[in-house]
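The values are calculated or read from the model by the stated rules, or taken from the named source; none is laboratory data. All values reported here derive from a predicted model rather than from experimental measurement. Every residue, glycine as well, gets a Cβ built from its backbone with ideal geometry; the counts of neighbours run over all protein chains shown. When the accessible area is computed, the model is the full protein with side chains, heavy atoms only, and any ligands, DNA or RNA have been set aside. Shrake-Rupley method; radii C 1.70, N 1.55, O 1.52, S 1.80 Å.
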Number of protein chains: 2
Amino acid sequence: MAIYEYDKSYGRTLGIAYTQVYRRLAKYLKERDIPVTPDQFRVLTHLWQNDSCSQQHLAEGTNRDRANVTRIIDILEREGIVERQPHESDRRAFRIVLTEKGKAIEAEAAECGRQAIQDSLEGVTPEELEVCMRVLRKTIQNLT
Amino acid sequence: MAIYEYDKSYGRTLGIAYTQVYRRLAKYLKERDIPVTPDQFRVLTHLWQNDSCSQQHLAEGTNRDRANVTRIIDILEREGIVERQPHESDRRAFRIVLTEKGKAIEAEAAECGRQAIQDSLEGVTPEELEVCMRVLRKTIQNLT
DNA sequence: TTATATTTGTTGCGTATTCAACAATTACAA
DNA sequence: TTGTAATTGTTGAATACGCAACAAATATAA
């Protein structure tokens, strides 16, 4: 069997590219003293676009499981960034709402995200990016 | 400010695509009763191509830090898949070597990897994949 | 209405990840 | 050669992730 170059495979390249973007985002957030990790950022983006949704909804929207969301909300709540409020009609669920602090963070945190992505795409043409995004979306679709 | 669609960004799409491939690989490994996680798989691929290297070398080759490699090697050693052997000329370092079991796993595990990638790329043309890989490599280069 | 199934969130467990600090060893410069 | 760097691996702490099991609440079927 010919040697398979694992480290040049699609899966590996994808993994390393993602990790690098993740670390860059973490770096920018830390530099600006925004007390949020990239994973928490992911949950927050969903809330910025969709405030006061349930943890279940957050889990679906961030491609994670409920247990995970429980713990991330625990931390965000401890940091005073979100609050758990009772759901009006379903006593199993919470409504996760942004606090003022949580809302105030958005502009700067979003700038970190934009900057990380901009860094990562330097020298890439819009056409190349379009094809790349299409492939990534296709991958997601194929595996979902 | 216009609403920024975080969930359609390059960073998010990259993250979700990677997670999906990761989960698919985990699924295939589990189905075949290969006692290795995708993260351990990553370390193993490096050893299959480059046996008996140091943990530092493994960390560089897998885009992780040394602490991480220490713990993954702990697990792989406990599972009887690799062994720590003393380095001939540097008493700080180990040589990580595959056991027979570690070598025997390769064929089947590699098949899991290939299958996961094949699943993820169904319907993607070679030309599209080429562009996508170029963008991903560029991202890695930009952020390294 | 009542019994059963499903949904929502939580918790335990094992693994993964980064950061910072540390000891032992090695490399290097004065 | 001796004192200072740097390197290698380890550990602790905090966060993250997926899976399985669980209780409480809700939905649904008999």
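Using a Gaussian network model on chain B with a 10 Å cutoff between Cα atoms, which of B:Q49, B:Q20, B:Q118 fluctuates the most?
B:Q49
Would you report the distance distribution of C-alpha pairs in the protein assembly as shown as whole percents per 10 angstrom bin, up to the bin with the largest distance?
Per 10 Å bin, starting at zero, the Cα-Cα P(r) for the protein assembly as shown comes out as 6, 25, 29, 25, 12, 2, 0 percent.
At the nearest 100 Å², what buried accessible area, both sides summed, do you get for A and B when the probe is 1.4 Å?
Using a 1.4 Å probe, the pair buries roughly 5200 Å².
Can you run the Rg to Rh ratio on region B:1-85? Use alpha carbon positions and the Kirkwood inverse-distance Rh.
1.12
Take every Cα pair under 8 Å in chain A that's 6+ residues apart, average their separations, divide by the length, and report that relative contact order as a whole percent.
Normalised by residue count, the contact order of chain A is 21 percent.
List the distances, in nm to one decimal, from the label point of A:R114 to the label points of the same position in every other copy, shortest first, placing each label point 7 Å from Cα along the Cα-to-Cβ direction.
So the label point of A:R114 gives 4.6 nm to the other copies.
What 222 nm value per residue comes from the helices of chain B, counting each DSSP H run with n ≥ 4 as -39,500 (n - 2.57) and dividing by all residues, nearest 500 deg cm²/dmol?
-21500 deg cm²/dmol
Within the set of other residues whose C-beta is less than 13 Å from the C-beta of A:I72, count the net charge using Lys and Arg as +1 and Asp and Glu as -1.
Net local charge, A:I72 excluded: +1.
Under unit Cβ charges (Lys, Arg +1; Asp, Glu -1), what dipole magnitude, rounded to 20 debye, does the protein assembly as shown have relative to its Cα centre?
Result for the protein assembly as shown is approximately 460 debye, rounded to the nearest 20.
For the pairs A:K8/A:K101; A:K27/A:K101; A:K103/A:K138; A:K101/B:K8; A:K103/B:K8; A:K138/B:K103, note any where the Cα-Cα span goes beyond 31 Å.
Listed pairs above 31 Å: A:K8/A:K101; A:K103/A:K138; A:K138/B:K103.
So for the pair B:E128, A:D65, with labels modelled 7 Å out along Cα→Cβ, what separation do we get in nm?
3.1
Need one number: nm distance between label points at B:E79 and A:D7, each 7 Å from Cα along Cα→Cβ, rounded to one decimal.
Modelled inter-label distance: 2.1 nm.
With a cap of 14 neighbouring Cβ atoms within 10 Å, and only residues DSSP puts in a loop, list the trypsin sites (Lys or Arg not before Pro) found in region A:73-140.
A:R91, A:R92
Say a label goes 7 Å from Cα toward Cβ at A:D51 in every copy; what distances in nm does this one have to the rest, shortest first?
Between copies, matching label points for A:D51 lie 6.1 nm apart.
Percent relative contact order of region B:4-88, based on C-alpha pairs within less than 8 angstrom and at least six residues apart?
Computed over region B:4-88, the figure is 15 percent.
Over the Cα atoms, compute the radius of gyration (one decimal) and Dmax (the largest Cα-Cα distance, rounded to a whole number) for chain B, in Å.
Expressed in Å, the Cα Rg and Dmax of chain B come to 17.9, 62.
Using the Cα centre of chain B as the reference point, and only Cβ charges (+1 on K/R, -1 on D/E), how large is the resulting charge dipole? Debye, rounded to the nearest 20.
Approximately 420 debye in magnitude.
How much net charge surrounds A:E83 when only the other residues with a Cβ under 14 Å from the Cβ of A:E83 are counted, with Lys and Arg +1 and Asp and Glu -1?
0
Springs between alpha-carbon atoms under 10 Å, Gaussian network over chain A: tell me which of A:E108, A:E128, A:E83 tops the mean-square fluctuations.
In the Gaussian network model the winner is A:E128.
Taking a label point 7 Å from Cα toward Cβ, how far is A:A67 from its twins in the other copies, in nm, shortest first?
So the distances to the same position in the other copies read 2.3 nm.
Label point 7 Å out from B:H87 along Cα-to-Cβ: which residues of region B:34-53 have amide N under 18 Å?
So the set is B:47, B:50-53.
With point charges of +1 on the Cβ of Lys and Arg and -1 on the Cβ of Asp and Glu, referenced to the Cα centre of the protein assembly as shown, which listed residue (A:V36, B:Y22, A:S9) lies farthest in the positive direction of the dipole?
Of A:V36, B:Y22, A:S9, it is A:V36.
Report the one residue of B:Q56, B:V131, B:I105 whose Cα lies farthest in the direction of the positive end of the charge dipole of region B:10-143 (charges on C-beta: Lys and Arg +1, Asp and Glu -1; origin at the Cα centre).
Farthest towards the positive pole: B:Q56.
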